[in-house]
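Peer 1: The structure is given below, and queries will be raised subsequently.
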Amino acid sequence: MNCTDFLSQLTDYFDGQISPELLEEVRTHLAGCHHCEVVLNTTRQTIEVYRGQEIYEISDDLRERLHSAIMTKCLEKKRA
Amino acid sequence: MPTIQSPGTEEIHPDVALVERAREGDTAAFEQLVRQYERQIFRVAQHITQNREDAEDITQDTFLKAYEKLSQFQGNSKFSTWLVRIAVNESLMRLRKRKTSKTVSMDEDVQTEEGSIPRDFAEWRPNPEQIFDQNELNDILRRTIQGLPPGFRTVFTLRDIENLSTEETAEALGLSIPAVKSRLLRARLQLRERLSRYFRQRKEGQPA
């Protein structure tokens with residue numbers, strides 16, 4: 001397995017959807033390739049840092065305003 | 001190692017009964033569905049359009065459309081996936097309207113490998129959360145995701161921010177599973193590369 005092959009397995013690796021044979025190849029490659037090890041670690045950190053932060057949190061005020069607007073429009077539709 | 005994929009569910013989803021009641025004219029049931037998903041729909045729209053006002057309009061339009069088309073909802077997919085699909089379509093339409101010089105679609109800019117080939121090989125130490133405070137970190141994450149082409153940003157948002165499965169993401173975007181996987185990989189690698197500028201381990205004496 002070379003670095004390109006490794007990258008092509010990365011998504012399945014993270015999803016735990018990789019066959020035992022391929023997993024063995026991935027591990028062997030990682031043991032001998034520092035660059036791919038860093039890519040693996042920092043890609044995992046990329047996913048985790050985005051999952052851990054609410055970067056577009058909606059305020060309670062905005063949520064209530066949106067909610068009322070949605071329900072008003074739907075009720076108008078229903079009556080029409 | 002723990003898997004990042006969210007597990008699928010075989011049981012009957014509680015939304016099914018709510019949708020059924022809403023179809024029969026029970027507005028309270030529909031309102032409950034709105035409550036459950038309005039934050040998610042807003043986030044998806046904001047991530048794709050990168051514009052708060054657009055995201056507000058899209059959130060309203062998505063639920064109104066869902067309400068009008070409730071009878072067309074087949075129940076083959078989850079109600080939430082169906083909603084996300086409406087929101088994604090509305091969001092991409094907004095982007096198209098906003099950009100007069102450039103077309104915007106799920107296929108835009110995804111042919112190029114540019115930025116998807118790893119070049120930065122420094123570890124991130126300490127963890128980003130330890131270097132930056134919440135506001136700085138959010139600012140970096142926002143700016144970084146803004147730079148992704150819409151076709152990548154959308155896949156990353158659904159899979160990694162909203163935790164949809166690969167199958168649900170494919171369904172919501174009308175893409176094949178291999179296409180979702182390929183875009184997700186490239187989105188993650190591009191983000192990793194861009195974030196490395198902020199998070200890479202500094203050598204001693206090197207300014208942050």
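The numbers here are math on the coordinates, done by the rules we state, and not lab data. Bear in mind that the values here come from a model prediction, so they are computed numbers and not experimental data. FYI the Cβ positions are ideal-geometry reconstructions off the backbone, even for glycines, and counts take in every protein chain you see.
Peer 1: I'd like the mean, over residues of A:33-46, of how many other protein chain beta carbons sit within 10 Å of each residue's own Cβ.
Peer 2: For peptide A:33-46, the averaged partner shielding equals 6.
Peer 1: Next question, about the same structure. Which order do the peptides A:44-51, B:56-63 come out in when sorted by mean C-beta neighbours inside 10 angstrom, highest first?
Peer 2: B:56-63, A:44-51
Peer 1: Between B:SER77 and B:GLN201, what length in nm is gained on full extension when 0.36 nm per residue of separation is reduced by their alpha carbon distance?
Peer 2: Details: separation 124, 0.36 × 124 = 44.64 nm, distance 4.36 nm.
Once the chain is fully extended between B:SER77 and B:GLN201, it gains 40.3 nm.
Peer 1: So how do A:62-72, B:170-180 stack up, highest first, on mean other-Cβ count within 10 Å?
Peer 2: B:170-180, A:62-72
Peer 1: Taking beta carbons within 10 Å but only from partner chains, what does the mean come to for residues B:172-184?
Peer 2: Shielding by partners across B:172-184 averages 1.
Peer 1: Over region A:3-79, one equal point on each Cα, no solvent: what is log10 I(q)/I(0) by the Debye formula at q = 0.17, 0.20, 0.23, 0.28 Å⁻¹?
Peer 2: Log10 of I(q)/I(0), two decimals: -0.72, -0.89, -1.05, -1.24.
Peer 1: Of the listed pairs A:LYS77/B:LYS69; A:LYS77/B:LYS65; A:LYS73/B:LYS65; B:LYS69/B:LYS181; A:LYS77/B:LYS97, which have alpha-carbon separations greater than 19 Å here?
Peer 2: Details: A:LYS77/B:LYS69 12 Å; A:LYS77/B:LYS65 10 Å; A:LYS73/B:LYS65 10 Å; B:LYS69/B:LYS181 30 Å; A:LYS77/B:LYS97 26 Å.
Exceeds cut-off: B:LYS69/B:LYS181; A:LYS77/B:LYS97.
Peer 1: Could I ask something else about it? Helix A:20-32 against the longest principal axis of chain A: what's the angle in degrees, Cα atoms only, rounded to the nearest 10?
Peer 2: With both axes taken from Cα atoms, the answer is about 70 degrees.
Peer 1: Over the C-alpha atoms of the protein assembly as shown, what are the Rg and the largest Cα-to-Cα span, Dmax, in Å?
Peer 2: Using the Cα atoms of the protein assembly as shown, the pair Rg, Dmax is 20.6, 70 Å.
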